[in-house]
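This report refers to the structure that appears directly beneath it.
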There are 2 protein chains.
Amino acid sequence: MTNTGLQLRSTVKKEGVLELSLVQVATAEPKADEVVVRVDAAPINPSDLGLLFGGADMSTATASGSASSPVVNAKIAANMMRAMAGRVDQSLPVGNEGAGVVVAAGASESAQNLVGRTVAVFGGAMYSQYRVIKTSNCLPLPPGTSAAEGAACFVNPLTALGMVETMKLEGHNALVHTAAASNLGQMLIKLCIEDQVGLVNIVRKPEHVKLLKSIGATYVCDSSAPTFMDDLTNALVSTGATLAFDAIGGGRLASQILTCMEVAANKTAKEYSRYGSTTHKQVYIYGGLDRGPTELTRSFGMVWGIGGWLLTPFLQKIGPDASRKLRERVAAEVKTTFASTYTKEVSLAEALQLGEIAVYGKQATGQKYLINPNKRLQ
Amino acid sequence: MTNTGLQLRSTVKKEGVLELSLVQVATAEPKADEVVVRVDAAPINPSDLGLLFGGADMSTATASGSASSPVVNAKIAANMMRAMAGRVDQSLPVGNEGAGVVVAAGASESAQNLVGRTVAVFGGAMYSQYRVIKTSNCLPLPPGTSAAEGAACFVNPLTALGMVETMKLEGHNALVHTAAASNLGQMLIKLCIEDQVGLVNIVRKPEHVKLLKSIGATYVCDSSAPTFMDDLTNALVSTGATLAFDAIGGGRLASQILTCMEVAANKTAKEYSRYGSTTHKQVYIYGGLDRGPTELTRSFGMVWGIGGWLLTPFLQKIGPDASRKLRERVAAEVKTTFASTYTKEVSLAEALQLGEIAVYGKQATGQKYLINPNKRLQ
């Protein structure tokens, strides 16, 4: 291995401009409890795009630099800059998760034991050729599992598991999920079938109804259909779902879900309650496919909540033991329940091509990218 | 006393029309643990208007009937009718709270002890000449307290106390309150001074800044000022408030509050957190002065929540002992901390005059009505 490696960086400049580039960084000597992972696969998840794009309008992106050392710039609107205050003029590495081979290790036994193993890693800065990381952030993959197969062991699988666990913790009986045709959505369908959890899937295109039914989904509602509100209400009555996880964020969908939950709750209520049903209706926004404002009509009584939902605070809440159990389940089912599929593998430099950004930045269903930071560099 | 009395009724008709009218209802014989209260004062609180107006557009209101038996009709938009499904074609009594003299009582000692006493009552249907109610819903007022002085012992005082209690229960250190020039807002200012709780008041007019400062408020931010976002952020930094109670509901104010809370939180954060600050920021919507949609820009990280807040579920949550303590505090301070003022006293028939509806329906600051259901009828 070399002493340096390429790393993808994202910088929000104080003048309201995003800069994406590659830098050569020195690979630090691993401490006793650390290993050096040669990263062979790291997915571009929707949850990476916030840090990567820094709130920039990527339709304004321009390219400069060379093919092997590209630079991308894009404009950031003034109202988005407010939220970026904490990261202005800092060159930040990107990439929540990935997998690769341990090529060097610190002195401890647990580190040495990982040498040569393919491990999944959760810890940021994974869009790097080499990542020095604590052994506790590594999940050794079962023999015969490739880096690509194990690259997405954390974000989507733990998010899907986290949704089901949140449902149980907060006393709901079934789930609603939006953008349900996504990689995560399909994973959640498999998980809910396995765990016998009622699930109402909301998609935005008629062809996705077919897709999800073909993998076993019972309830799939198309938000583009004129009968959407009735379809959703009926599915909510059937499942009793009062908790939704929404990846879209913007627009009226969260509000529509709450409205239909309220109608469903009132269908079973015995008498009129002046402030609406007494059933708590909750939507957690965990993504922002639509970055426009969320619009709530509030035509759903007074017993409701909307909030942000993030994996890390959730894992902190349930504690290390419960988190470990979830991770072990993911490792055991990485090729079945928690398998991911990708449409394209790109190098770090290719990930900064405007044409590629236009595709993965759209976060369209069936367009999932995998970065191989060592592609053509080994 | 007579065997019947007038009662104000609100009906949402299936064809999308609201009807307000007065009906003569028989006064039931009180059971052992009940009393008959001659209602001499019942406030029109913002929280009464939802049930009263049934989601109707009151600018379409028309009057018919006679001066002593008026009938008001108004149109209800189709999207509001969805939320009204549970009350269609039911003639519902209105009025959360009020006060009056106990004129008859059931056989029990606790009921008999109240005869002749002036009591505050929480229990609905208070826009009635006579209200038969359980003794447990009555709060005997200290001697020398009039019905008008004790008419608003529950909704506003317990809501103000409930805000402070919610702050403590959910681990926040200070409060934000919108529409802070309201009767409730002024009460909350007095309460927070007494209890030494940090309070950021948001008003919509410059003259209200003066008004609230004159009664002792430290932080008053005018949302109509060009410096509003900065003013609010500074007040949030000073107080550390991460919980807001919003009476407005519609528009961008809740979103602005969360945005400023996020900026305030990041000002004290040590390093950039990619999903925004880890401080939980919460807005509870407890009113709907602006019935338009709530618009959330979501430029405030991922650790936030918005939800409905209602007094009754809150009191159920804290339990009967804690609730009783709050009520006893209200009775003790009904002429000081929890005093209300009214601009007009109207009879039941006057409350249904279009000119009066136009005034109290606006919920403008300093325009608070008191209904005296026995005005000119005794």
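Of the trypsin sites (Lys or Arg not before Pro) found in the stretch B:333-370, those in coil by DSSP whose Cβ has at most 14 other Cβ atoms within 10 Å are B:335, B:362. Using a cut-off of 29 Å between Cα atoms, the listed pairs A:168/A:335; B:267/B:362; B:168/B:335 include B:267/B:362 as exceeding that distance. In nanometers and ordered shortest first, the copy-to-copy spacing of the residue B:146 label point, defined 7 Å from Cα toward Cβ, is 8.6. The distance from the alpha carbon centre of the stretch B:131-157 to that of the stretch A:56-121 is 64 Å, rounded to a whole number. Long hydrophobic helices in chain A: the complete DSSP H runs spanning 15 Å or more by Cα along their own axis with mean Kyte-Doolittle hydropathy of at least 0.0 are A:155-169, A:183-195, A:228-239, A:253-268.
How much accessible area per residue does the protein assembly as shown have, counting only protein heavy atoms and a probe of 1.4 Å, in square angstrom?
Values: 30650 Å² over 756 residues.
Accessible area per residue, the protein assembly as shown: 41 Å².
Annotation: aspartates and glutamates with alpha-carbon distance below 17 angstrom to residue A:13 (same-chain offsets under eight excluded): A:57, A:89, B:271.
Think of chain B as having a plus end and a minus end, set by charges on the Cβ of Lys, Arg, Asp and Glu; of B:124, B:229, B:175, B:229 sits farthest toward the positive end of this dipole.
If you add up the charges near residue A:19, with Lys and Arg at +1 and Asp and Glu at -1, over every other residue whose beta carbon is less than 15 angstrom from its beta carbon, what do you get? Don't jump to the answer; show the numbers that get you there.
Values: positive: A:9, A:13, A:14, A:75, A:87; negative: A:15, A:57, A:89.
Around residue A:19, the surrounding residues sum to +2.
Considering only beta bridges that DSSP places wholly inside chain A, some 65 percent are antiparallel. For the pair the stretch B:337-375 and the stretch B:11-33, the centres of their Cα atoms are 20 angstrom apart.
With contacts defined as alpha carbon pairs under 8 Å and 6 or more residues apart, what's the relative contact order of the stretch A:187-234 in percent?
Working: 48 pairs, mean separation 17.2, N = 48.
Relative contact order comes out at 36 percent.
Taking all Cα pairs closer than 8 Å and separated by 6 or more residues, the relative contact order of the stretch B:39-194 comes to 22 percent.
Residue A:364: net charge of surrounding residues, Cβ under 11 Å, Lys/Arg +1, Asp/Glu -1, itself excluded?
+4
Comparing B:213, B:13, B:325 in a Gaussian network model of chain B (Cα springs below 10 Å), the most mobile by mean-square fluctuation is B:325. In the stretch A:71-93, what residues drop by 30 Å² or more of accessible area when the other protein chains are put back, versus the chain on its own? Use 1.4 Å, and skip ligands and nucleic acids. Buried by the other chains: A:82, A:83, A:86. Share of pairwise Cα-Cα distances greater than 38 Å in the protein assembly as shown is 46 percent (whole percent). Dipole orientation for the protein assembly as shown: of the candidates A:374, A:77, A:103, A:77 has the Cα lying most toward the positive pole (charges on Cβ; Lys, Arg +1; Asp, Glu -1).
Label-point spacing at residue A:60 relative to the other copies reads 4.3 nm, in ascending order, each point sitting 7 Å out from Cα along Cα→Cβ.
Which GluC sites (Glu not before Pro) does the stretch B:168-264 hold that lie in a coil by DSSP with at most 15 other beta carbons within 10 Å?
B:170
Which of rounded, prolate, oblate describes the stretch B:283-367, given a ≥ b ≥ c as roots of the alpha-carbon gyration tensor eigenvalues and a/c under 1.5 marking rounded, otherwise prolate only if a/b is larger than b/c? Judged from the Cα gyration tensor, the stretch B:283-367 comes out oblate (a/c at least 1.5, b/c at or above a/b).
Farthest towards the positive end of the charge dipole of the stretch A:225-366, among the residues A:343, A:260, A:242, is the Cα of A:242, using unit charges on the Cβ of Lys, Arg, Asp and Glu. The accessible-area ordering, largest first, of the residues A:110, B:223, A:21 stands as A:110, B:223, A:21, per a 1.4 angstrom probe. Partner shielding of B:252-264 amounts to 1, given as the average count of beta-carbon atoms from other chains within 10 Å of each residue beta-carbon. Think of each Lys and Arg Cβ as +1 and each Asp and Glu Cβ as -1; about the Cα centre, that makes the dipole of the stretch A:221-378 roughly 400 debye.
Could you check how much of the accessible area of the protein assembly as shown is carbon and sulfur, as a whole percent, using a 1.4 Å probe? Let's see the in-between values first.
Numbers: 15930 of 30650 Å².
With neighbouring chains kept in place, the figure for the protein assembly as shown is 52 percent.
If the only charges are +1 at each Lys and Arg Cβ and -1 at each Asp and Glu Cβ, what is the size of the charge dipole of the protein assembly as shown around the Cα centre, to the nearest 20 debye?
That gives the protein assembly as shown a dipole magnitude of about 260 debye.
Taking 8 Å as the Cα distance limit and 6 or more residues as the minimum spacing, I'd like the relative contact order of chain B as a percentage.
Working: 811 pairs, mean separation 68.1, N = 378.
Value for chain B: 18 percent.
Only aspartates and glutamates eight or more places from residue A:375 in sequence, or on another chain, were considered; those with a Cα closer than 14 Å are A:40, A:345, A:350. Relative to the other identical copies, residue A:376 shows label-point distances of 9.0 nm, where the label point lies 7 Å from Cα along the Cβ direction and values run shortest first.
Roughly what % antiparallel, to the nearest 5, for the DSSP beta bridges in the protein assembly as shown? Intermediate results must be reported in sequence, preceding the final value.
Numbers: 98 of 152 bridges.
So the antiparallel bridges amount to about 65 percent of the total.
Between chain A and chain B, the total buried accessible area stands at approximately 3500 Å², from heavy atoms with a 1.4 Å probe.
The values are calculated or read from the model by the stated rules, or taken from the named source; none is laboratory data. This structure is a prediction, so every number in the text was calculated from the model and none was measured. Backbone-built Cβ (ideal geometry, glycine too); neighbour counts: all protein chains shown. Quick note on the areas: whole protein, heavy atoms, side chains included, nothing else; ligands and nucleic acids left out. Shrake-Rupley method; radii C 1.70, N 1.55, O 1.52, S 1.80 Å.
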